[in-house]
Structures are given as C-alpha cells and as structure tokens.
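The values are calculated or read from the model by the stated rules, or taken from the named source; none is laboratory data. None of these values were measured; they are calculated from a predicted model. Cβ: placed from backbone, ideal geometry, glycine included. Neighbour counts: every protein chain shown.
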Amino acid sequence: MRCPNCGSLDTQVKDSRPTEDSNAIRRRRVCLTCQFRFTTFERVQLRELVVIKRNGRRVPFDRDKLMRSLQIALRKRNVDPERLEQMVSKIVRELEGLGESDISTDTIGEVVMAHLRELDDVAYVRFASVYRNFRERKDFEDAIAELASEEDGKAAPPQRK
C-alpha cells in the first residue's frame, strides 16, 4: 500500500479489525519511511461494475463518487456517518447482486433514491432534484407530494422526467 504522505510502498499493518457491519476490514497502517499513520478499508468486490451514462459513455463504477454524492445530499442533516457507510455498502451489494456488470445511471439513481427515501426525506428531495433534473418549483412539489402520499399509505408511482 502506497503511503499517502510520502508515496513510499514500504508500509506495515499495525492493526486490523472488521467494521461494525462486517462488510469491510479496517486496517491501521504506518509508513516505515516517514512514520505517517493512515487507515485503509478492504472490501469484497463481487464483480467489476461498469456505469453506462445517459450519453452512452461507459465508465468504471466509483464507490467514492457515490459516497460523495450522498454526502452532498445529506449535508447538514443529522445522519450518523456509520449509517451512511452502511447504506453505501447496501447499495453497492444490491447493484452487484443484479447479476449484470453493466449498470445504467438510471438504475443506480433509482436504487439510491429508494435507500435515501428510507433514510432522510430532505436528502431524498435534494438527490432527486439533481438526478431527475428539476427545472421548476412544481418538480419539488411533486417529489414532496410523492413522499407525503407514501407516508399516508397511498404509495404513488415515481414521477419520471
């Protein structure tokens, strides 16, 4: 493992333990060159996922990009970082479990929104506003009405743009 401080490949694992959800191994490492300490996470990867963008481009799936977009949606929301990490792991496992290596951005967006809907309504609307490309106030009102109807037990089908 390359040291993020000096770039040396001469690092040593000092401690290993599973994460709370046991879906990853947390390793504390030390660089033997500069003595910098850092943490890495090791996860099981069932298959290499490729994201098919709306314009047809194909790019490798990036778990960190998913995490960043969810952190933006959850900014200033009272959600435990460990819950976010667990949700990202569930989303990735669900995508890997679809049985396909090629996943469309639409599929990813719908899976993410389903998980966000359960976690935090405000984050759900924030994410939906970008994913569904909201253009006017009515788009927000429709998303909020969709959430309200689900809470009332009248699950409305998602509105697609």
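Looking for something β-branched (Val, Ile, Thr) and over 20 Å from residue 24 (Cβ atoms) - is there at least one such residue anywhere in the range 59-67? The answer is yes, given that some residue of the range 59-67 is β-branched (Val, Ile, Thr) and over 20 Å from residue 24 (Cβ atoms).
Residues are listed down the side, and each one gets a yes or a no for (1) modelled with pLDDT of 95 or more; (2) touching a strand residue (DSSP E or B) at 6+ places or on another chain (Cβ under 6 Å); (3) part of a loop (DSSP other than H, G, I, E, B):
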{"position": "39", "(1), (2), (3)": "no, yes, no"}
{"position": "42", "(1), (2), (3)": "no, yes, no"}
{"position": "45", "(1), (2), (3)": "no, no, yes"}
{"position": "48", "(1), (2), (3)": "no, no, yes"}
{"position": "54", "(1), (2), (3)": "no, no, yes"}
{"position": "64", "(1), (2), (3)": "no, no, no"}
{"position": "78", "(1), (2), (3)": "no, no, yes"}
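Based on what the data block shows, is residue 56 of a type in the set (Gly, Ala, Ser), farther than 26 Å from residue 118 by Cα and either touching an Asp or Glu at 6+ places or on another chain (Cβ under 7 Å) or in the same structural domain as residue 127 (by TED's automatic domain parsing) (or both)? Criteria met by residue 56.
Conditions tested, residue by residue: (1) of a type in the set (Val, Ile, Thr); (2) surrounded by 11 or more Cβ atoms within 10 Å (Cβ to Cβ); (3) within 26 Å of residue 116 (Cβ to Cβ).
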| site | (1), (2), (3) |
| --- | --- |
| 5 | no, yes, no |
| 23 | no, yes, yes |
| 36 | no, yes, no |
| 39 | yes, no, no |
| 76 | no, no, yes |
| 85 | no, yes, yes |
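Annotation for the range 97-107: no member residue is touching a residue at least 40 places away in the same chain (Cβ under 8 Å) and over 22 Å from residue 48 (Cα atoms). Criterion applied to 33, 40 was being outside the structural domain of residue 122 (by TED's automatic domain parsing), closer than 22 Å to residue 19 by Cβ and free of Cβ contacts under 8 Å to residues at least 60 places away in the same chain, and the one residue passing it is 40.
Of all residues in the range 80-91, none that is on the phi > 0 side of the Ramachandran plot has its Cβ atom under 8 Å from the Cβ atom of a residue that is assigned to a helix (DSSP H, G or I) and surrounded by fewer than 17 Cβ atoms within 10 Å (Cβ to Cβ), 6 or more apart or on another chain. Filtered by the rule that a residue be part of a helix (DSSP H, G or I) and closer than 22 Å to residue 57 by Cα, the range 92-117 gives 92, 95, 96, 105, 106, 107, 108, 109, 110, 111, 112. Of the numbered criteria (1) part of a loop (DSSP other than H, G, I, E, B); (2) polar (S, T, N, Q); (3) in contact with a helix residue (DSSP H, G or I) (Cβ under 9 Å, 6 or more places away or on another chain), the one residue 69 fails is (1).
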